[in-house]
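Visitor: There's a structure below that I have some questions on.
Please treat every number below as a calculation from the coordinates, not as lab data. Predicted model only: the values in this text are computed from it and were never measured. Positions of Cβ are backbone-derived with ideal geometry, glycine not excepted, and every protein chain shown enters the neighbour counts.
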Amino acid sequence: MPKDSGIGASSKRREDIRFLTGAGNYTDDINIHGQAYVHFLRADVAHATINSVDTSAASQMPGVLHIFTGSDFEPIGGLPCGWQVTDKHGEPMQEPKHPVLAHGKIRHVGEPIAAVVAETYAQARDAAEEIELSLTDLPAVMDMKKAVAEGATKVHDDLTSNLCYDWGFVEENKAATDAAFEKAAHVTTLELVNNRLVANPMEPRVAVGDYSAADDMHTLYTTSQNPHVIRLLMGAFVLGIPEHRLRVVAPDVGGGFGTKIFHYAEEAFCTFAAKQLRRPVKWTSSRSEAFLSDAHGRDHVTKIELALDAENNFTALRTETFANMGAYLSTFAPSVPTWLHGTLMAGNYKTPLIYVNVKAVFTNTIPVDAYRGAGRPEATFQLERVVDKAARELGVDPIALRRQNFVTEFPYATPVAVEYDTGDYEATMAKLEEIADIGGFAARRAESEKNGKMRGLGVNCYIEACGIAPSNLVGQLGARAGLYDAATVRVNATGSISVMVGAHSHGQGHETSFPQVISEMIGIPEDQIDIVHGDTSKIPFGMGTYGSRSLAVCGSAMVRAAEKVINKAKKIAAHLLEASDADIELKDGQFTVAGTDKSVAWGDVTLAAYVPHNYPLEDIEPGLEETAFYDPANFTYPAGAYACEVEVDPDTGKVTIERFSAADDFGNVINPMIVSGQVHGGIAQGIGQALLENCAYDENGQLISASYMDYAMPRADDLPFYEVDHSCQTPCTHNPLGVKGCGEAGAIGSPPSVVNAVIDALQSAGKDVTHIDMPLTPARVWDAMQG
Amino acid sequence: MYAFEIERPGTLADAVNALKGEDAQALGGGQTLIPTLKARLAMPATLVSLSGIGEMKGVCIGDDGAVCIGGATTHAAVVREAAAHYPALADLASHIGDPAVRNRGTIGGSLANNDPSACYPSAVLGSGATIITNARDIVADEFFDGMFATALDEGEVITEVRFPVPEKANYQKFVQPASRFALVGVFVAKYSDGVRVAVTGASEDGVFRWSEAEEALSRDFSADAIGGLEVSADGMIADLHGSSAYRAHLVKVMTGRAVVAAA
């Protein structure tokens, strides 16, 4: 019987009632008396010297309060980068200043040059058109390989080159890896592009800055996945505001997908301008602006080589990747192609030698940072594509080749510095074969052929590292912050509970799933428990939501805090029951003296804590509220196997996905329905990357897919019904819930199987096509078929 | 958008009059014009809304059997009201944009805009329809004048479009993946006196008739009839979504499919 509440129940998402009835409170719903509006004049060229910004005429336009330019921000800090990567020579990465408003130079289309604050948004926009810019155009630095060549135009004149870092991982493995390639019986090589993407959350970014002179208090309302991180970065590094004078609120947020992790110029601007002008200042991004100002994702150009011995065992893996940073380093950009990518190159396989080289490059493009999966999709894609290519070259079954090379014993220390605590890759592959009906594929292919279509089957495995991360480890790797999380469990007098969490929910369903855990631990109904998140004045210092970490890290903090609460409540119960607290058991909301029928209800104990008339005041404090910070001992390692079946129209190149199946191991699952939903959404984004989404620039640095007219988002009719399964569960061994995280799996695990399936379809129809770069649009597939 | 005045005339005469004002512009369903205004790419002084003019709405059958569609008729109304009379046309209308677009966008607005990737121009040209304006009748072959250009004069309003009903017809749209406009759309219509084939989405000159296919199909209305024909890539659109060679190829593929579906 499925449970109807607590851990393992598919409780309905309580937050959906307000979202679906239009009752959510998003940042754009926040309007403060007297607020003014800012419009950013953004660069329409990719690279230029700014000779002058003349605001004299614009300043006289109706309603204009003030126009800010780069020089206003010169004495103020730039936007900080939160991760410093050390290159293969032991030198720190090159780190350019990232100004709030462009100063001296424009470095990408969309970069804010001036900010007009006016009484209305229309007035601000009108005035911005009157600003006179004198620019001297410079050549746009677009191609990464050309950008790092000798004599290339520099994006940043004060850096030695456009190379941010040249990272080798693990550098000590390089010689042995190269030697293994010399001895290989077979080497498969693949060059590929991991296409640049725009995250496109449904809600564009918004910021409202407010300042109260009476108590010198700054407040920023913003569309963020991690309000405490924004408070730390903006307060300490940009504006110099101490934490107790700065409150950051991220209310309902309509999707993040990574792009709302980062600290953006608009947030700093609105906070700064509100104090300067003594007026609340609001910015609401248009969708067009979002394309030009939200951090993009992916954008890797990679060569990967796989060495195999005569028995088809993987003996070594070697990669060289160019990773686009864009014009500036976004908050966590340097970590994505390195520690979130290189560490995953072992995948599900026991390849003994791996060497990863990553060259991060500055170009005149919008900054690139984490997007759902962040580094792990790039790692998975190249690995699972090269394994598939190897199987085809060797004429062996792609599933069998994977199986043969699976890691089977845990814990497993990879040659790329991480230790998988647990997993069972054979189990997820077996489950996949069952739910995908791999055995029935041949019949389905015959049916497709009868209808004039080519049919292909693609399979891939994936592993990811989630639950980021042990703070002491990431500190050694260059993180400039800790990566714990925190929760406060506040029990009210009548027994209801508010849990203040550092994680932020913007689609993940925390408001439903987190109470399920507390309900399970205490035995009170879920609706007696509420989650509070998104406001630095209400929640403990937590690091927010990204990297599928909320339940594994913040959820663990919540469990620790709840354990403290329960331990204290048992002491109170023991007093009330005149027993020893060691003998008190808590079940279904009742404290019972073990082996007796003496019991007291949860509500009676909580009331006693707040009305301590009959209470051991000499031993314990009144009240019932505990906080815990949790710093994980290791990453978590969700893993799984995905299968995609496509039909390809030989006349047009159009790919349709006929079946898609996902067998995931997320460890323990709190709410299976929410987990399925997370996988569904992730697969949609993965299929979007594989077939549709293409963030494309021309050679002058103009974004040519700058609206939905040219940037193809996946729609319902692009997608099949999915078969998803998460019954294979090897619980995480080092967190109290045994959970691993599920938010990114779909986006990580799906692109390779889609491409593998298309290649299978084409090759099976006799086409000599070994690779097509994503997105596999009809035009690209047709072009490939023409040879 | 910039500030503008809006007029909402209830009659065609009032609309024509209002359009004589300086920098006045007709507003049909606004499915192109409103986004253009929001992007500040147009700055009309006055918008004259045509959506309140009852005499320009609806579908009827003319004395000669032609399907007559008022210029301010929405795509959704065409889907409902033309289905029994000209199913291929109703089917085309049912695949324009999304429900919001179909419930606001109008046939007159689409034709006056003449987007090179719009669907309606292919049906109008492929049917040899007649565009009726407040001033004159314009045959389809003389109406379309390249990308976003038509024979319409300043202030001229499309009041009605008259479609002769073919024996058989079909529209095949191969969608551009992002916009879902036609990457290539082909309308094929078989009349007693011959076959017309009109192509949208493909050419830098906008909608055009593929005359070689028309000749071949007039002799033999089957996909095989065009098997030996080739479409030149010269003058075809090349962009992010497909090369000119790809579009030329799709013209033939979609024509063949339209013939099969119509037959």
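Visitor: Place a +1 charge on the Cβ of each Lys and Arg in chain A and a -1 charge on the Cβ of each Asp and Glu, then give the dipole magnitude about the Cα centre in debye, rounded to the nearest 20.
Guide: I would put it at about 240 debye.
Visitor: Please compute the length gained on full extension between A:Leu719 and A:Phe629, using 0.36 nm multiplied by the number of residues separating them and subtracting their Cα-Cα distance.
Guide: Extra length from A:Leu719 to A:Phe629 when fully extended: 28.3 nm.
Visitor: Shifting gears a bit: Hey, which of these cross-link pairs are over 25 Å Cα-Cα: A:Lys450/A:Lys654; A:Lys105/A:Lys303; A:Lys12/A:Lys282; A:Lys431/A:Lys587?
Guide: A:Lys105/A:Lys303; A:Lys12/A:Lys282; A:Lys431/A:Lys587
Visitor: Could you list A:Arg392, A:Arg372, A:Arg245 in order of exposure, starting from the residue whose Cβ has the fewest other Cβ atoms within 10 Å?
Guide: A:Arg245, A:Arg392, A:Arg372
Visitor: Related question: Once you keep just the Cα pairs under 8 angstrom separated by 6 or more residues, what percentage relative contact order results for the stretch A:484-630?
Guide: It comes to 32 percent, rounded to a whole number.
Visitor: At what distance in nm do the modelled label points of B:Asn103 and B:Arg80 sit from each other, each positioned 7 Å from its Cα along Cα→Cβ?
Guide: Going by the 7 Å Cα→Cβ label model, 1.1 nm.
Visitor: For a quick check of your reading of the filter: which GluC sites (Glu not before Pro) in the stretch A:141-187 sit in a DSSP loop and have no more than 14 other Cβ atoms within 10 Å?
Guide: In loop regions of the stretch A:141-187 (DSSP not H, G, I, E or B), the sparsely surrounded GluC sites (Glu not before Pro) are A:Glu150.
Visitor: Could you tell me how far the Cα centroid of the stretch A:212-226 sits from the Cα centroid of the stretch A:734-750, in Å?
Guide: Using only Cα atoms to place each centre, the spacing works out to 33 Å.
Visitor: From the phi angles alone, apply the Karplus equation (6.51, -1.76, 1.60; θ = phi - 60°) to the stretch A:663-679 and give each ³J(HN,Hα) in whole Hz, x where the residue is Gly or Pro.
Guide: 10, 10, 10, 9, x, 5, 10, 7, 10, x, 5, 5, 4, 4, x, 4, 5
Visitor: How many angstrom separate the Cα center of the stretch A:454-487 from the Cα center of the stretch A:594-622?
Guide: 43 Å
Visitor: What FRET efficiency would be calculated for the residue pair A:Ala23, A:Lys154, taking the C-beta separation as r and a Förster radius of 45 Å, to the nearest 0.05?
Guide: Here the calculated transfer efficiency is 0.30.
Visitor: Evaluate the relative contact order of the stretch B:118-231 (contact order divided by residue number), counting alpha-carbon pairs under 8 angstrom at least 6 apart; express in whole percent.
Guide: Here the relative contact order equals 25 percent.
Visitor: Got a sec? Charge dipole of the stretch A:484-630, +1 on Cβ for Lys and Arg, -1 for Asp and Glu; which of A:His510, A:Ser548, A:Thr494 is way out at the positive end?
Guide: A:Ser548
Visitor: Dipole of the stretch A:547-596, Cα-centred, from +1 at each Lys and Arg C-beta and -1 at each Asp and Glu C-beta, to the nearest 20 debye?
Guide: 340 debye
Visitor: Please work out whether the stretch B:160-263 counts as rounded, prolate or oblate from its C-alpha gyration tensor, where a ≥ b ≥ c are the square roots of the eigenvalues and a/c under 1.5 means rounded, while otherwise a/b larger than b/c means prolate and anything else oblate?
Guide: Prolate.
Visitor: Considering every residue in B:170-179, what mean count of other chain Cβ atoms within 10 Å of its Cβ is obtained?
Guide: 5
Visitor: Mind checking which aspartates and glutamates have their C-alpha under 15 Å from A:Lys183, skipping anything on the same chain fewer than 8 residues away?
Guide: Once the sequence-local aspartates and glutamates are set aside, what remains near A:Lys183 is A:Glu305, A:Asp309, A:Glu311.
Visitor: Only four residue types carry charge here, +1 at the Cβ of Lys and Arg and -1 at the Cβ of Asp and Glu. Report the dipole size of the stretch A:484-630 about the Cα centre in Debye, rounded to the nearest 20.
Guide: 360 debye
Visitor: Whole-Hz ³J(HN,Hα) for each residue in the stretch A:333-347, computed from phi via Karplus 6.51 cos²θ - 1.76 cosθ + 1.60 with θ = phi - 60°, x for glycine and proline: what do you get?
Guide: Karplus values, whole Hz, x for Gly and Pro: 3, x, 6, 5, x, 10, 6, 9, 10, x, 5, 9, 6, 6, x.
Visitor: Another question about this same structure. Using a 10 Å cut-off on Cβ to Cβ distances, tally the other chain neighbours for every residue of A:645-657 and report the average as a whole number.
Guide: 2
Visitor: I need the phi-derived Karplus couplings for the stretch B:101-114: 6.51 cos²θ - 1.76 cosθ + 1.60, θ = phi - 60°, integer Hz, Gly and Pro marked x.
Guide: 4, 5, 8, 10, x, 10, 5, x, x, 5, 5, 5, 6, 6
Visitor: Compute from the Cα atoms of the stretch A:183-315 the Rg and the Dmax, the latter being the longest Cα-Cα distance, and quote both in angstrom.
Guide: Using the Cα atoms of the stretch A:183-315, the pair Rg, Dmax is 22.0, 77 Å.
Visitor: Rounded if a/c is under 1.5, else prolate if a/b is larger than b/c, else oblate: which is the stretch B:5-92, with a ≥ b ≥ c the root eigenvalues of its Cα gyration tensor?
Guide: Because a/c hits 1.5 or more and a/b fails to exceed b/c, the stretch B:5-92 counts as oblate.
Visitor: A:Glu434 to A:Ala236: extension gain in nm, 0.36 nm per residue of separation minus the Cα-Cα distance?
Guide: Gain on stretching A:Glu434 to A:Ala236: 65.9 nm.
Visitor: Considering the options B:Val207, A:Asn364, A:Gly467, tell which one lies farthest towards the positive end of the dipole of the protein assembly as shown, charges being +1 on Lys and Arg and -1 on Asp and Glu at the Cβ, about the Cα centre.
Guide: Value computed over the given set: A:Gly467.
Visitor: Report, in cubic angstrom per residue, the convex hull volume of the C-alpha atoms of the stretch A:484-630.
Guide: 103 Å³
Visitor: Okay, moving on. What are the residues whose amide H is under 5 Å from the amide H of A:Gly667, where those residues sit 5 or more places off or on another chain and H is modelled from the backbone?
Guide: A:Thr730
Visitor: How far apart, in nm, are two points set 7 Å out from the Cα along the Cα-to-Cβ line at A:Asp166 and at A:Arg245?
Guide: Output for this residue pair reads 4.6 nm.
Visitor: Still on this structure: Can you tell me how much longer the chain between A:Asn567 and A:Glu409 gets when fully stretched, taken as 0.36 nm per residue apart minus their C-alpha distance, in nm with one decimal?
Guide: That works out to 53.2 nm of additional length.
Visitor: Going toward the positive end of the dipole of the stretch B:13-112, with +1 on Lys and Arg Cβ and -1 on Asp and Glu Cβ, which of B:Ala83, B:Ile61, B:Leu19 do you reach last?
Guide: B:Leu19
Visitor: Let me check against my output: what whole-number percent is the relative contact order of chain A, with C-alpha pairs under 8 Å and at least 6 apart?
Guide: Once divided by the residue count of chain A, the mean separation gives 15 percent.
Visitor: A further question on this structure: What residues qualify as long-range amide H neighbours of A:Met217, i.e. H under 5 Å apart, gap of 5 or more or another chain, H built at 1.01 Å from N?
Guide: The list, which skips near neighbours in sequence, is A:Ser212.
Visitor: Once amide H atoms are built 1.01 Å from N in the peptide plane, which residues 5 or more positions from A:His47, or in another chain, come under 5 Å H to H?
Guide: For A:His47, whose amide H was placed from the backbone, the distant partners under 5 Å are A:Leu138.
Visitor: Okay, next question. For chain A, what is the per residue volume of the convex hull drawn over the alpha-carbon atoms, in cubic angstrom?
Guide: 174 Å³
Visitor: Turning to a different aspect of this structure: Highest first, please rank the peptides A:454-466, A:692-704 by the mean number of other Cβ atoms sitting within 10 Å of their residues.
Guide: A:454-466, A:692-704
Visitor: Hey, another quick one. Among A:57-65, A:362-370, how do they line up by average Cβ neighbours within 10 Å per residue, starting with the highest?
Guide: Ranked from most to least packed, the peptides come out as A:362-370, A:57-65.
Visitor: Can you give the FRET efficiency for A:Lys183 and A:Lys146, using 1/(1 + (r/R0)^6), R0 = 22 Å, r = Cβ-Cβ distance, to the nearest 0.05?
Guide: Using R0 = 22 Å, I get an efficiency of 0.05.
Visitor: Further question on the same structure: Determine the shape class of the stretch B:41-107: with a ≥ b ≥ c the square roots of the Cα gyration tensor eigenvalues, call it rounded for a/c under 1.5, and otherwise prolate if a/b is greater than b/c, oblate otherwise.
Guide: Verdict is oblate for the stretch B:41-107.
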